[in-house]
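Quick notes on the structure that follows.
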Amino acid sequence: MSTPTFDDFDGWIWLDGASVPWREAKVHILTHALHYATSVFEGQRAYNGTIFELEAHTARLFKSAEIMGMEIEQSADEINQACYDNLHKNGFKDAYQRPIAWRGSEKMGITVAGTKVHVAVASWEWPSYFSPQAKLKGLRLCMSDYRRPDPKTAPILAKTAANYPISCLSKDIAEKSGYDDALLLDWEGYIGEATGANIFFIKGNEVHTPSLKCVLDGITRRTVIGLARGKAMTVIERNIRPEEMADFDQAFLTGTAAEVTPLAEVAGYSFVVGEEIKDLMQSYDDLVRSKPL
Ligand SMILES: Cc1ncc(COP(=O)(O)O)c(C=O)c1O
């Protein structure tokens, strides 16, 4: 039997204020966002019935919309409620959720005036972004030829579809070359991030991660920085040159989908899956599951 495609699940999608059957949650071919990438979105996870850091995700959705000049009609509270309503309507306790806002098919052309900002929330069961074996051994990343652009060149600080072609292309090349993922440098040649996750390095008691000049302000990144500081590790956010990877012992990715995932290799540099990473993975796991129902 063939695996169902993403437009062919049972379940419900919250769309512009109403719950609609999954297969009926459609947009028209002349949707502005499909042509011009005028959409913003979030990726969040529910654990044991609680959406981890929901308010932070919704705040970032609104921030992304502001950068993209999009006005979301609903309030943050209404979006939060929609996220829970959709989780419950689908009967999930553990799920990945995708709130998305986009310019619709009311007008076509570069001008955005006259388009409506639509909002939807979809939820599905998505256990682990990377395979459990890859997570145990550590992932292998190649170096992408694409770079994260200067915020003056693209709306790179927003979580918008407009930024994802470089991720999709890099991921595709990585997978076709036998890697799990790719690392993108920033426009100045410093380490940026992976295609859908932030990157960290460990040396002794120090944790180093690129500053936020053109990488996504990851909510898992923030959480893991807090966890590492709670373990009396020193966290340093700065420009990191690729050659510095030779000096680090351990490396890992963070993301809502990826959670905390160790790295074994990045662009020819090798890393061990050490005790510090295992400890952070465990603490993250405990934290996301610790919230009351
Ligand atoms: C490009 C990129 N960087 C980083 C992240 C990690 O962000 P978060 O931890 O908020 O999921 C994501 C995932 O959303 C991403 O797509």
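The values are calculated or read from the model by the stated rules, or taken from the named source; none is laboratory data. Treat the numbers as computed from the prediction; the structure is a model and nothing was measured. Here the Cβ is made from the backbone with ideal geometry for all residues, glycine too, and neighbour counts use every protein chain on show.
Okay, here's what the table says:
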| item | result |
| --- | --- |
| From Ile191, Ile173, residue being on the phi < 0 side of the Ramachandran plot, of a type outside the set (Ser, Thr, Tyr), surrounded by fewer than 18 Cβ atoms within 10 Å (Cβ to Cβ) and over 15 Å from the mean Cα position of the chain (by Cα) | Ile173 |
| Residues of segment 252-270 that turn out to be crowded, with 21+ Cβ neighbours inside 10 Å and more than 15 Å from the ligand (Cβ to nearest atom), as a count | 2 |
| Lone qualifier among Asn205, Asn198 - being in contact with a strand residue (DSSP E or B) (Cβ under 8 Å, 6 or more places away or on another chain) and buried (at least 22 other Cβ atoms within 10 Å of the Cβ) | Asn198 |
| Residues of segment 32-50 classified as closer than 13 Å to Tyr96 by Cα and in contact with a helix residue (DSSP H, G or I) (Cβ under 6 Å, 6 or more places away or on another chain), total | 5 |
| Positions within segment 23-45 being in contact (Cβ under 8 Å) with a residue 24 or more places away in the chain, more than 18 Å from Val117 (Cα to Cα) and either surrounded by fewer than 18 Cβ atoms within 10 Å (Cβ to Cβ) or not basic (Lys, Arg) (or both), in sequence order | Gly43, Gln44 |
| Among (1) free of Cβ contacts under 8 Å to residues at least 24 places away in the same chain; (2) buried (at least 18 other Cβ atoms within 10 Å of the Cβ), the one test that Pro4 misses | (2) |
| Checking Cys142 against (1) more than 13 Å from the ligand (Cβ to nearest atom); (2) assigned to a helix (DSSP H, G or I); (3) touching a strand residue (DSSP E or B) at 6+ places or on another chain (Cβ under 7 Å), the condition it does not meet | (2) |
| Arg147 away from the ligand (no atom under 15 Å from the Cβ) and either crowded, with 18+ Cβ neighbours inside 10 Å or modelled with pLDDT of 95 or more (or both) | no |
| Tally of residues being part of a strand (DSSP E or B), in contact with a Ser or Thr (Cβ under 7 Å, 6 or more places away or on another chain) and of a type in the set (A, V, I, L, M, F, W, C) across segment 83-117 | 4 |
| Filter result for Ala264 (of a type in the set (Gly, Ala, Ser), touching a residue at least 40 places away in the same chain (Cβ under 8 Å) and closer than 25 Å to Ile156 by Cβ) | no |
